[in-house]
Structure formats: structure tokens, C-alpha cells
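In what follows, a single structure is set out as C-alpha cells and then discussed.
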Amino acid sequence: MKHRISVLDGNTFVVSNSNGDIAASHASPEGFFSFDTRFLSTWVLTVDGQGLNGLAVDDLNYFEAKFFCVPGEPTPYVNATLSVIRHRWVGGSFDERLTIVNHAQEAVDLLVRLEVASDFADVFDVKNAVVKQFKPTIIVADGALHLDYRREDFHRTAIVRSTEPSETDERGMSFRIRVEPQASWSTLLRVESVVRGMGGSDVRSSIYAEHKKASAELAEDLRRWFDSAPRLETDSLALAETYAKSVEDLAALRHVGMSRPTRMPSAGLPWFMAPFGRDNAITCLQTLPFTPELTPTMLNAFAAGQGARLGDFREEEPGKIAHETRYGESSSFEEQPHSPYYGSADATPLFVILLDEYERWSGDSTLARHLELEARAALDWIDTYANIMGDGYIWYQRRNEATGLENQCWKDSWDAISYRDGRLPGFPRATCELQGYAYDAKLRGARLARLFWHDEAYAQRLEREAADLKARFNRDFWIADGEYYALALDPDGEPVDALSSNIGHLLWSGIVEESRAAMVVDHLMGPRLFSGWGVRTLAEGEGRYNPVGYHVGTVWPFDNSITAWGMWRYGFRSEAGRIAQAIIDAAPFFDGRLPEVFAGYSRQSTRRPVGYPTASSPQAWSTGAPPLLLRIMLGMQPHGEELLADPALPAGIQKINLFGVLGRWGRQDVSAERAAGD
């Protein structure tokens, strides 16, 4: 059965099958999850012993869905006489309005049974198909079902209640009801997830109390969210639909922190409903003109969790920005290092880049000054702990050999970094885009130092270091016989010579020499990398190329948006538009919601983009791709107190009007229309 997802606040969500039931195996993503724990693994409804046949699902909002079902299996000659409607929403708690409608001419007596269970599985255990050997404590009290799990100070409880009287036992609830002809019966079921942390009696469920909302309140919150975002008018139905879906999904992915109710993006459903440093930084960069309120919260969260000491288990280092923060059992007991985990080499320079970009758009000089110490610490990390080989490049090599990530760049799967013949290099590794991020961070740090920290000497030093880095990079990473940049350097300083999409990030950072930009663009738009649906992560013909390999031949919408941004920076507007059009063309095949990744098959060989089997959806930086592509097509750029626009529309779009772009200028409208014959 198809999984259906309802989600709110970025860390509380429900995954069920198409009739609304949850019947999870140990490896199934079905369940009611919150703060990295599955609070419900069974939620199965029967009527007179018959299971439900799902007829349709109405996805009303990101937090709300209706399931229309009938008991049993209807036949061509026997009409169903009962309808079962399950209207559910997630708003701090999991609520389901269960309604049974009798369409017959006679009253019916029914036994409605709801089977309920929880395995309290950690999301890592679910993802890795690890079976948890334990039984929760189950208590029936005051008509409510309490499912409870404790391990030392780690304490999680699911409380199930009904507004209508029930016969409640340790396995669920039964309702013996009579429904009159052409009438209905209804009850409201509510599941509370009580979260207590690893610090004694510190009860975290108060966060839910602050954010618990009825369906109408959630709808009003979403309306305000849409009203605050720029309004789009365009002749491109695909662009309009994917932009609207992106704005909605950005609301859906807003994460509520355990320590305080702040709102920032989670990375993606179902496995990554948690803060991710790199993903969050890029999502904020993509969406600054559209949902700018996400960025200051994210910057403050980065600063609050910045590394302050050396630690091998979490790979923490002074100045380093956290990669991932989890709240589940395995992290709490250090079976996983994610409390938080610092194993990424790119979140730290991206923090400085985001701080500068945010000030350029918002004019918020107060935050730029407030985070001076943290930004300086991040820049120092680039020159010290990241400089493993002493040559001024960012390198990575995990210090946690048991559970740390091997690859600590955005392509973090084990086989993502390879030579053109498919061999894997040793460690440490220095991927090319990390050097571009470092270059950009130094230049942006120099601007912040000059304008807001009043340290001209530091600004000049950073500018000198950036210029030296650019010169060395263009010498050491250039593959002369292929006229492109290497994917990485190996421990011997030799190029890891696979042709990859990482070179698009180099254009965005500005580290590419002007004389080489056209050659880089030609590779990115050539048939080996450009599939017609987007730029592949690895070029066709490379040793490890696989169109359905996670980082070795698939198409990532976020990756393409950054590449298009880089092309725009170097003046290749037509090529940037082709990438934008390709990604927008792909979106309708995913109902307007771009997934994390899709297959890299050529557009000539498939009439639609082929899905990747385990792609997250929605996923934050894929959700951020359409807004960034819209910015690129309109050529929007902050310049002092003004918003500049230099549009270049791709051939498939005739008109774009964007109303209410928010920035230091207040709100401004941007319009572009293709002239006749243009």
C-alpha cells in the first residue's frame, strides 16, 4: 500500500498506508514519530472484524488528511452500506476524527475496534532494520491507554484517549455502537507523545502543550505563512504549482527544538526530521527572498551549538558547526554520536556565507555584529582543524572510526568520491567544492570584518588568504587533459579525476578563473553530465557511474539549483535557464513536490523522470530549489539598499510576476515578460 504522510513542526509526523492504518514491521517507516522515536507502531481499525478498503485520500494540508474507506472488499454487485472517514491532523499531538456513516435504510449495531501498540523504536533502528527486544509498560486508566518506555532517565510515553466511551484494554479500544439509518457516529481520538529527556525529571512535553493546535488553528497559521511569502503569477503551471508546494513544505518542515520552541527547517521525511547543518544552511540560502524568517533562527542555532572542544566520538572541534542533532534513544546513550554530531566539513564555511548573505538581504547588522565571535571561530577552524595536511585546503578524515561518516562533504555515501576509473582514494580527502566554500567564506568574512566588526587588518588578511587559495586551487585541482576541475585531492595531493557535478558549486563560490568558466559550463551542460532532466552527480562513462546510485549518477534538485546559481554568477544566463526549466519540467511528475533525488536516465530514453526508491520527500533543500531557481530566472540580487533584477527567462516560460519580495528595502515587486520574437 502507498504510504501517506502528515507532518507538522518538522519533528512530529505520521506515516500510514492508504487506508490510514499503521501496521509497522521493524524496518517499515510507518508510524507516529516524534523527536526521533516511534510512539505508535500499530494503529489498525476494523469494523465488525473487517479491515478497511481505502477508496481515496484527500491531502488537505501538510498537517491534515482525510481517508475515505469502506469495510471489507466491495463486489461489483453488492453496494457498501457503511463509509468510514478518518480525518487526521498532527499539531503537537496526533488527532484523528473517526466517523462512520450508515447509508442503509435500517439501523446497524457495530463493533469498532482500534488495535494500538508501540515499539518505541529509535528512528536509526527503524532505518537500519534493527529489532528492539523489549516490551513497553501498558496501563489502562480513566479510559485512556498509556504505553510507557523507560531506560534509566530516558522516558517516552504515548497516551491514547477517545471522546466517546470505549472498552479499553492493553491492546487497544473497542466501541460498541448503534448507527441509525442515514446517520453517523463519530469520536475524536488523540495520541499524546510525552517526552522526557536524559536529565532526571525534566519534562519536555510542555513544548507540545505550547504548540498543540486544532485543525482550524493550523490552517490559519498556514494562511499567514503563505501571506508572508511573495506571491507568484506566471504562465507556467508547473512553476506555479511547484512554488506553491515549496512554500507549503517549508512550513511543514519547520522543526521545534527540544530545549526551546524555535522554528528551523528539518532536513527531510521520513529519516531526517532533525536539524542538519549543511542542509539547513543551503535551504536558508535558497529561500532568503521568500521565507527570510527561517534564517536568523538558524544562524543563532548554529552559533549556540558550535564546537568548543576536541572530541573524537562526536568529531567536535572548536569553531566547527554541528552536522546533525538527534533526540532518540541511541543518541542519548551514545550508541550514535548525534547529540550533536559534527562530522561534516562544509557546514562551517556555509555558516559564514549564510551570515553575510542574510545581512545583504535583510540589513540586520545587529545579528552580524552579535555573531562576530562565532563567525571568527568558524573562519579559524578553516585554517586550523580543517587544514589537516597543512597546505591551506579543507580536508576531512573521520576520527570516529566506528560510526562516523567516511565522506564528510555533501556527497556523504561511501562510494561518492572516486577516480575516473572507479577506484576510491584514501583519506584524508579534500573535495573541490569545500575549497570553493572556504574561498567564499573568507571573502564574506572580510566584508563582515570591514563593515561590522571594524577590523580592517583582519579583513585585508582574509582577502589575501582568499586570493592565495584561489590561485593554488586553480593550479592543483585543474585536470589539463580534460579541461575541468578534479572532484578532490587524495592524500598524496594528486587529483581524484572523476568528472562530477561538484564543479557547479565552484561556479557558485566564485573560485573558478574567468578564463575557465566556459569550459566548466560546457562540461555541466554536455551529454555526460546533463541528462535533460538536470545535471547528474557523476558523469556518464565514469567508473562508478550509476543512474540509480545515490551520489554517482542521480540528479539532485538542490545540486542543480546551486549549479544554476553559479552559472548566473558567471553570466551564463541561458544555461542557467536550461537547468531551471529541466527541474521545473520534472516537478509535475512528482505532484509538484521535488524529491531529494531522482534517477539520472537520459531524457531521450524516458518520457518522465524516474524516481529514486528511498528518496526523502519533502526534503528541505529540494523544497528550496524552486525558490532559488525563481530568483535566478528573475536575476534578483541585493545591492546596498536596493533590490536589483536582471531577468532571463528560459524558453518555456513567457511571464513571471513576483509580488512582495521582502528585504532591507521593504517589499518590492519584480516582473519579467518575454517580448515577441525574443
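Kindly establish whether W414 is surrounded by 23 or more Cβ atoms within 10 Å (Cβ to Cβ), of a type in the set (F, W, Y) and under 30 Å from the mean Cα position of the chain (by Cα). Spell out the reasoning first.
Details: surrounded by 23 or more Cβ atoms within 10 Å (Cβ to Cβ): no; of a type in the set (F, W, Y): yes; under 30 Å from the mean Cα position of the chain (by Cα): yes.
Answer is no for this residue.
Please give the number of the condition I632 fails out of (1) among the β-branched types (V, I, T); (2) without any contact (Cβ under 8 Å) to a residue 60 or more places away in the chain; (3) out of contact with any Leu (no Cβ under 8 Å at 6 or more places or on another chain).
It fails just one condition, (2).
Checking Y485 against (1) free of Cβ contacts under 8 Å to residues at least 60 places away in the same chain; (2) open to solvent by 40 Å² or more (accessible area, probe 1.4 Å), which single condition isn't satisfied?
With respect to (1) free of Cβ contacts under 8 Å to residues at least 60 places away in the same chain; (2) open to solvent by 40 Å² or more (accessible area, probe 1.4 Å), Y485 is out only on (2).
Quick check on the stretch 329-359: of everything there that is open to solvent by 40 Å² or more (accessible area, probe 1.4 Å) and touching a helix residue (DSSP H, G or I) at 6+ places or on another chain (Cβ under 9 Å), which residue is farthest from F276 (Cα to Cα)?
It comes out as E335.
Which pairs do you get when a residue that is without any contact (Cβ under 8 Å) to a residue 24 or more places away in the chain and open to solvent by 30 Å² or more (accessible area, probe 1.4 Å), found in the stretch 488-505, comes within reach of a residue that is of a type in the set (A, V, I, L, M, F, W, C) and assigned to a strand (DSSP E or B), reach meaning Cβ atoms under 7 angstrom, with the pair 6+ apart or on two chains?
Here the result reads P495/I479; P495/L489, each pair linking the stretch 488-505 to a residue that is of a type in the set (A, V, I, L, M, F, W, C) and assigned to a strand (DSSP E or B).
Could you check how many residues of the stretch 396-443 are without any contact (Cβ under 8 Å) to a residue 60 or more places away in the chain and under 19 Å from S501 (Cα atoms)? First the steps, then the outcome.
First pass over the stretch 396-443, keeping only residues without any contact (Cβ under 8 Å) to a residue 60 or more places away in the chain: 396-397, 401-402, 406-407, 414, 424, 430.
Adding the requirement that they be under 19 Å from S501 (Cα atoms) leaves 407, 414, 424, 430.
Selection size over the stretch 396-443: 4.
Results for (1) open to solvent by 40 Å² or more (accessible area, probe 1.4 Å); (2) within 22 Å of N19 (Cα to Cα), shown as yes or no for each residue.
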position	(1), (2)
D59	yes, yes
F68	yes, yes
W89	no, yes
H146	yes, no
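Pull up the stretch 596-615, narrow it to residues that are in contact (Cβ under 8 Å) with a residue 24 or more places away in the chain and crowded, with 19+ Cβ neighbours inside 10 Å, then point me to the one that is farthest from P289 (Cα to Cα).
The residue in question is Y601.
Please indicate, with yes or no, whether at least one residue in the stretch 351-361 is in a helix (DSSP H, G or I) and within 18 Å of R314 (Cβ to Cβ).
Initial filter on the stretch 351-361 (in a helix (DSSP H, G or I)): 351-361.
Those left that are additionally within 18 Å of R314 (Cβ to Cβ): 351.
Looking through the stretch 351-361, at least one residue is in a helix (DSSP H, G or I) and within 18 Å of R314 (Cβ to Cβ).
Considering only the stretch 364-380, I want to know if a residue exists there that is under 20 Å from the mean Cα position of the chain (by Cα) and surrounded by 17 or more Cβ atoms within 10 Å (Cβ to Cβ).
Within the stretch 364-380, none of the residues are under 20 Å from the mean Cα position of the chain (by Cα) and surrounded by 17 or more Cβ atoms within 10 Å (Cβ to Cβ).
Restricting to the stretch 270-295, what's the tally of residues that are small (G, A, S) and modelled with pLDDT under 95? So that I can check it myself, show each step before the final result.
Of the stretch 270-295, the ones small (G, A, S) are 274, 277, 281.
From what's left, modelled with pLDDT under 95: 274, 277.
So the count comes out to 2.
Scan A229, A219 and give me the residue that is farther than 22 Å from A586 by Cα and either among the basic types (K, R) or open to solvent by 40 Å² or more (accessible area, probe 1.4 Å) (or both).
Details: A229 fails: either among the basic types (K, R) or open to solvent by 40 Å² or more (accessible area, probe 1.4 Å) (or both).
Answer to the check: A219.
Among the candidates G305, G390, which residue alone is without any contact (Cβ under 8 Å) to a residue 24 or more places away in the chain and either open to solvent by 20 Å² or more (accessible area, probe 1.4 Å) or hydroxyl-bearing (S, T, Y) (or both)?
Working: G305 fails: without any contact (Cβ under 8 Å) to a residue 24 or more places away in the chain.
Answer to the selection: G390.
Report the residue count in the stretch 490-519 for those that are part of a helix (DSSP H, G or I) and either under 17 Å from S561 (Cβ atoms) or within 23 Å of the chain's Cα centre (by Cα) (or both).
First, pick out the residues of the stretch 490-519 that are part of a helix (DSSP H, G or I): 502-509, 514-519.
Cutting the leftovers down to either under 17 Å from S561 (Cβ atoms) or within 23 Å of the chain's Cα centre (by Cα) (or both) gives us 502-509.
The total comes to 8.
Here's a check for you: in the stretch 426-448, which residue that is outside any strand (DSSP E or B) and among the charged types (D, E, K, R) is most open to solvent (accessible area, probe 1.4 Å)?
To start, the set of residues in the stretch 426-448 that are outside any strand (DSSP E or B) comprises 426-428, 432-448.
Checking which are among the charged types (D, E, K, R) leaves us with 433, 440, 442, 444, 447.
Numbers: E433: 2, D440: 8, K442: 9, R444: 28, R447: 52 Å².
Here the residue is R447.
The values are calculated or read from the model by the stated rules, or taken from the named source; none is laboratory data. All values reported here derive from a predicted model rather than from experimental measurement. All Cβ positions, even for glycine, are placed from backbone atoms using ideal geometry, and neighbour counts span all protein chains on display. To get the accessible areas, we keep the full protein, side chains included, count just its heavy atoms, and leave off ligands, DNA and RNA. Shrake-Rupley method; radii C 1.70, N 1.55, O 1.52, S 1.80 Å.
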